[in-house]
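K.L.:
Got a structure for you, written out below as structure tokens; questions coming shortly.
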Amino acid sequence: MNPPVHNTRVSRAFFALLRRDLLLAFRRRTELLLPVMFLLVVVSLFPLGIGPEPALLGRIAPGVLWIAALLATVISLESLFRSDFEDGTLEQYVISGHPLTVIVLAKILAHWLVAGLPLVLMSPLLAIWMNLPRPSMGVMVASLALATPILSFIGAIGAGLTVSLRRGGQLLSLLVFPLYVPVLIVATGGIMAAADGLPYGAFLGLLTAGLIASLTLAPFAAAAALKISLS
Amino acid sequence: MLAVSQITLERHFQPVFEPLDFHLDRGAVLLITGANGCGKTTLIRLLAGILTPTSGTLLSSAQGTAYVGHSLAIKDDLSVAENVRFVRDFHDTRRHSVDEVIFRAGLHRVAHQPARTLSAGQRKRCALVRLLLIPAELWLLDEPYSSLDDEGIELVDGLLAEHVQLGGSCVLASHGRHRPGIKDRTEIELISGAHRL
């Protein structure tokens with residue numbers, strides 16, 4: 001229906017969208033701070049609930065940090081396409097003639113920069129807080145850096161499917177948590193291996209493979225999901 | 001520019017309107033009228049490619065489509081100028097400058113206010129700016145006159161006249177009495193479940 005769009009035009013649209021989404025995120029500061037604050041609160045509740053015993057906290061730290069990161073990502077996912085869907089911007093994307101996949105990729109990247117990257121940057125502080133064994137600190141930050149984008153990519157598929165539902169957020173968490181299980185297992189497995197002085201390269205390799213797979217496949221799936229939600 | 005044959009869309013196994021045939025030439029305007037709920041918006045969304053027809057074919061040779069519907073695609077947290085700049089960058093056009101189109105739409109006084117402070121008519125104008133920016137041969141306008149004052153209606157008619165003069169076409173849905181002053185104009189009246197040419 002629309003004419004083929006030249007590559008430079010598509011990349012301009014990509015960066016225009018990325019810039020606008022980041023600008024919007026900074027205008028809505030509460031939304032920007034929500035995932036980080038959430039992570040902070042959830043992690044700080046554990047020593048209060050379990051007791052400040054350093055050895056025990058260090059043992060559960062990888063799991064706690066990662067589960068808190070999963071929860072923080074999911075609460076920010078619902079807003080990924082919500083406002084674009086509600087104010088008609090999504091329709092404009094479809095009509096623009098730009099591939100929806102590229103648009104979705106820009107949205108996911110913006111989402112990760114706003115919701116995922118702060119978690120990665122915050123994690124060393126929380127790791128010290130939770131008495132995570134020193135040798136596994138680097139692996140934990142690396143696992144979050146590699147795998148929080150995976151969470152955004154997989155989550156985008158769920159967000160696309162549930163965007164037209166009124167109570168989409170609750171269904172969204174049910175949809176994506178099972179898909180996050182492999183990421184959680186591999187990531188915490190790697191951190192624990194590093195804590196025990198075992199080789200952890202394979203775990204990070206698996207996360208990298210997951211990142212590449214989700215980067216190349218998820219935008220297509222999320223774009224298809226959005227098309228379904230629109231009709 | 002646009003050839004439609006036997007197009008229809010079913011909702012809950014009921015056609016929204018009877019199968020519809022029409023074609024639209026360059027420089028022509030098709031006006032879709034009808035009561036509320038007769039499927040005007042659905043038809044426009046079908047033509048835009050947002051919805052997929054249940055049956056029938058839709059052929060378009062238009063180089064680009066611009067659509068202004070009920071949802072105006074304006075971000076409340078951005079200023080008018082930022083909204084306009086995004087549309088321009090997203091479509092990568094340099095046809096008009098941001099200031100120029102804001103002035104044309106009569107929004108220069110509120111250009112740096114957040115869009116959430118705008119009135120309904122000003123929001124509509126802000127969305128109509130898209131028509132100036134997007135290089136599109138086919139315009140799909142769903143109730144473009146709603147919530148506009150006389151000056152706003154003149155703005156739409158002026159834009160439309162220029163567009164048609166340059167060989168563009170337009171499908172316009174409206175339930176109001178106002179008709180754009182375009183010579184090559186056909187009308188379809190949709191009646192829920194049926195239509196009259």
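Throughout, read-outs are computed from the coordinates displayed, never taken from laboratory work. Only a predicted model underlies this, so the values are computations on that prediction, with no experimental measurement involved. So basically every Cβ, Gly included, is an ideal-geometry build from the backbone, and we count neighbours across all protein chains shown.
K.L.:
So what's the back-of-envelope 222 nm ellipticity for the protein assembly as shown, counting only DSSP H runs of four-plus at -39500 (n - 2.57) apiece and dividing by all residues, rounded to 500?
P.N.:
When only DSSP H runs of four or more count, the value is -19500 deg cm²/dmol.
K.L.:
Using the basic label-point model (7 angstrom from Cα toward the beta carbon), what is the residue A:12 to residue B:186 distance in nanometres?
P.N.:
Each label point is offset 7 Å from its Cα along the Cβ direction, giving 3.5 nm.
K.L.:
Just grab the label-to-label distance for residue A:179 and residue A:117, each label 7 Å out from Cα along the Cβ direction, in nm (one decimal).
P.N.:
Here the modelled spin labels are 2.3 nm apart.
K.L.:
Semi-axes of the protein assembly as shown's equivalent ellipsoid from the Cα gyration tensor, sqrt of 5 times each eigenvalue, largest first, rounded to whole Å?
P.N.:
Working through the eigenvalues yields semi-axes of 49, 22, 18 Å.
K.L.:
What FRET efficiency comes out for residue A:167 versus residue A:209 if R0 is 41 angstrom and r is the Cβ-Cβ distance? Round to the nearest 0.05.
P.N.:
Given R0 = 41 Å and the Cβ-Cβ separation, E is 0.75.
K.L.:
A further question on this structure: Out of segment B:38-143, which trypsin sites (Lys or Arg not before Pro) are coil in DSSP terms and have no more than 13 other C-beta atoms within 10 Å?
P.N.:
Taking segment B:38-143 and a limit of 13 other Cβ atoms within 10 Å, the loop trypsin sites (Lys or Arg not before Pro) found are B:94, B:95.
K.L.:
Per residue Cα convex hull volume for segment B:17-75, in cubic angstrom?
P.N.:
Cα convex hull per residue, to the nearest whole number: 121 Å³.
K.L.:
Between segment A:19-43 and segment B:132-197, what's the alpha-carbon centroid distance in Å?
P.N.:
Between the Cα centres of segment A:19-43 and segment B:132-197 lies a distance of 42 Å.
K.L.:
Take residue A:19 and residue A:34, extend 7 Å from each Cα along the Cα→Cβ direction, and tell me the distance between the two endpoints in nm.
P.N.:
For the pair residue A:19/residue A:34, the computed spacing is 2.7 nm.
K.L.:
Another one. Using Cβ counts within 10 Å as a stand-in for footprinting exposure, how do A:46, A:177, A:153 rank, fewest first?
P.N.:
Placing the least packed residue first, the sequence is A:177, A:46, A:153.
K.L.:
Mind jotting down a quarter of the surface of the convex hull over the alpha carbons of chain B, in square nanometres, one decimal?
P.N.:
10.7
K.L.:
Write down, largest first, the equivalent ellipsoid semi-axes of segment A:3-230 in whole Å, where each equals the square root of 5 times an eigenvalue of the alpha-carbon gyration tensor.
P.N.:
34, 18, 15
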